[in-house]
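To start, the structure itself, in structure tokens.
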Amino acid sequence: MIAGAAALWGSIGIFVGFLNDEGFSSLEIVAWRVITAALFLSIYLRICNPNLLRIKPSHIRYFVGTGILSISFFNWCYFTAIRETSLSVAVVLLYTGPAFVVILSRMFLNEKLTGQKIVALLITIPGILLVAELIPEGGTFTAYGILTGIGAGFGYALYSIFSKAALVKYPPMTIIFYSFLTASIFLLPFSGIFSQQTIERLSNPNIVLMIAGMCLLPTILAYLLYTEGLKRIEAGKASITAMLEPVTAALIGVFVFEEILTALQITGIILVLVSVLMIQMKRTKNLQVT
């Protein structure tokens, strides 16, 4: 489930690239992503299972965490980091997230900080650097860009922590609906999605189709799979497994956009895959037969 979520997240470049070409700003794309997801889930749950919409008012704090502190904050930081540095640098900084998850889950969820997790992280870091072509190409750096990039990684990590805590009380569908709802309420006032220019763009059926696809595949389905997966494995392991996302994005570049992977990028993909397999391996004890 976690790997499936990562693959779907990796596909978002298809939708974002199209909407960018049509003149949508980064903030508009994020707003359309969360608002359409919240609307779709609201209709679906009211028809199919209204009970999943019931939460205690005091528990809204979980969804402020997942929706505003995580989804809204990390998207803003991520797009800012891309503008201030480069896409490659921003991707690498975003994937400081698993390190934050491993540390925060030890502090707040009492998950063990094992040597297996540390080694997997150490293998993954150069893998991501290679996939993003930051090695040996380097990149453009500013202090503000680096800070917002690390902020993106921290915000990315917070979803695992808050949703893991919320899973004790609510099913995944409830969590992702209220996450997108709080993110929508937060982003709506300054998103600009109701401008005349944006409304005119929606007369294009291809744009509507791409927004719908972005809403369903790399948003609702991806977050549902990730949150369902969090019920079954530790947050630290889930976040490391989710680092398959840039690998998926690179492969989509090959098969959809006919890009060519370098030998170093292929090496990076192998490193990420090895780390993901390593983190899922269970330690076995030797049994003595007497």
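The values are calculated or read from the model by the stated rules, or taken from the named source; none is laboratory data. This structure is a prediction, so every number in the text was calculated from the model and none was measured. Because the Cβ atoms are built from the backbone with ideal geometry, glycine has one as well, and the counts that use them run over all protein chains shown.
Ile240: of a type in the set (Val, Ile, Thr), modelled with pLDDT of 80 or more and assigned to a helix (DSSP H, G or I), yes or no?
Against the criterion (of a type in the set (Val, Ile, Thr), modelled with pLDDT of 80 or more and assigned to a helix (DSSP H, G or I)), Ile240 qualifies.
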What residue, of Phe194, Phe154, Phe177, is over 17 Å from the mean Cα position of the chain (by Cα) and either hydrophobic (A, V, I, L, M, F, W, C) or under 29 Å from Ile55 (Cα atoms) (or both)? Phe194
So which of Thr174, Thr142 is of a type in the set (Ser, Thr, Tyr) and farther than 19 Å from Ser58 by Cα? Thr142
Starting from segment 204-226, keep only residues that are in contact (Cβ under 8 Å) with a residue 60 or more places away in the chain and closer than 12 Å to Ile12 by Cβ, then list their pairs with residues that are part of a helix (DSSP H, G or I) and basic (Lys, Arg) whose Cβ atoms are within a distance under 7 Å, requiring at least 6 positions of separation or different chains. Met214/Arg33; Cys215/Arg33; Thr219/Arg33
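Conditions tested, residue by residue: (1) without any contact (Cβ under 8 Å) to a residue 60 or more places away in the chain; (2) surrounded by fewer than 21 Cβ atoms within 10 Å (Cβ to Cβ); (3) assigned to a helix (DSSP H, G or I); (4) not β-branched (Val, Ile, Thr).
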residue	(1), (2), (3), (4)
Phe18	no, yes, yes, yes
Trp32	no, no, yes, yes
Ile43	yes, yes, yes, no
Arg46	yes, yes, yes, yes
Restricting the search to segment 242-264, which residues are in contact with a Leu (Cβ under 7 Å, 6 or more places away or on another chain) and hydroxyl-bearing (Ser, Thr, Tyr)? none
Helices (runs of 4 or more DSSP H) completely within segment 95-177 that count 1 or more residues being without any contact (Cβ under 8 Å) to a residue 40 or more places away in the chain and under 28 Å from Lys231 (Cα atoms): 97-108, 115-131
Residue list for segment 1-11, filter: surrounded by fewer than 21 Cβ atoms within 10 Å (Cβ to Cβ) and within 21 Å of Phe177 (Cβ to Cβ): Met1, Gly4
Looking at (1) surrounded by 17 or more Cβ atoms within 10 Å (Cβ to Cβ); (2) of a type in the set (A, V, I, L, M, F, W, C); (3) in contact with an Asp or Glu (Cβ under 9 Å, 6 or more places away or on another chain); (4) part of a helix (DSSP H, G or I), which is the one condition that is false for Ile193? (4)
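Go through segment 186-241 residue by residue and tally those that are among the β-branched types (Val, Ile, Thr), in contact with a Leu (Cβ under 8 Å, 6 or more places away or on another chain) and closer than 30 Å to Leu113 by Cα.
2
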